[in-house]
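One structure below.
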Amino acid sequence: MKLLILIIAYLAIMLSKAAFATEMRQYSEMDFNAEIYAGSLVALVFLAERCPACDQQTTSISQLKKIPQYKAMKLLSINFDSEKSIVRKFNVEKPGTIILMKGTTEVYRSSVAQTPNALESAVDNALK
């Protein structure tokens, strides 16, 4: 019985990550430029495998995307370990970093895992 519960919990986690992954696109310079010059709210999410902060940031962004004012936010993921030129371009020091761009302006940056409510509050303050 315990094994069945563990399997179900694992599948639920994997399905929720898969659903979120469809909202997040892999970073490309062309997509990024198109979105920022259109004035979109863009989240650059620097991820790495086995990164607890990355998991927390992903969960927080997923919750933020459920709020109507953030539904149009574009999500672009960057692999911290393999995309070193992009990591350097944005001066990112560790995985789990989120950078929010409103148009061509960086309005928020965090490399600290945050709860969904803390992230929402920080983003709202940054967008004022």
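Can you find a residue that is modelled with pLDDT of 85 or more and surrounded by fewer than 17 Cβ atoms within 10 Å (Cβ to Cβ) anywhere in segment 11-26? I'd like the intermediate steps shown before the answer.
Step one: of segment 11-26, the residues modelled with pLDDT of 85 or more are 25-26.
From the residues that got through so far, the ones that are surrounded by fewer than 17 Cβ atoms within 10 Å (Cβ to Cβ) too are 25-26.
Yes, segment 11-26 contains a residue that is modelled with pLDDT of 85 or more and surrounded by fewer than 17 Cβ atoms within 10 Å (Cβ to Cβ).
Results for (1) farther than 14 Å from MET24 by Cβ; (2) among the aromatic types (Phe, Trp, Tyr); (3) touching a residue at least 24 places away in the same chain (Cβ under 8 Å), shown as yes or no for each residue.
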position	(1), (2), (3)
ALA53	yes, no, yes
SER62	no, no, yes
GLU106	yes, no, no
ARG109	yes, no, no
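For segment 74-110, name all the residues that are over 11 Å from the mean Cα position of the chain (by Cα) and either in a helix (DSSP H, G or I) or of a type in the set (S, T, N, Q) (or both).
ASN79, SER82, LYS84, SER85, ILE86, VAL87, ARG88, LYS89, ASN91, THR104, THR105
Can you name every residue in segment 47-64 that is closer than 14 Å to ILE98 by Cα and outside any helix (DSSP H, G or I)?
Selection gives LEU47, ALA48, CYS51.
The values are calculated or read from the model by the stated rules, or taken from the named source; none is laboratory data. The structure presented is a predicted model; accordingly, all values stated were derived computationally and were not measured. Neighbour counts run over all protein chains shown; Cβ positions are idealised from the backbone, glycine included.
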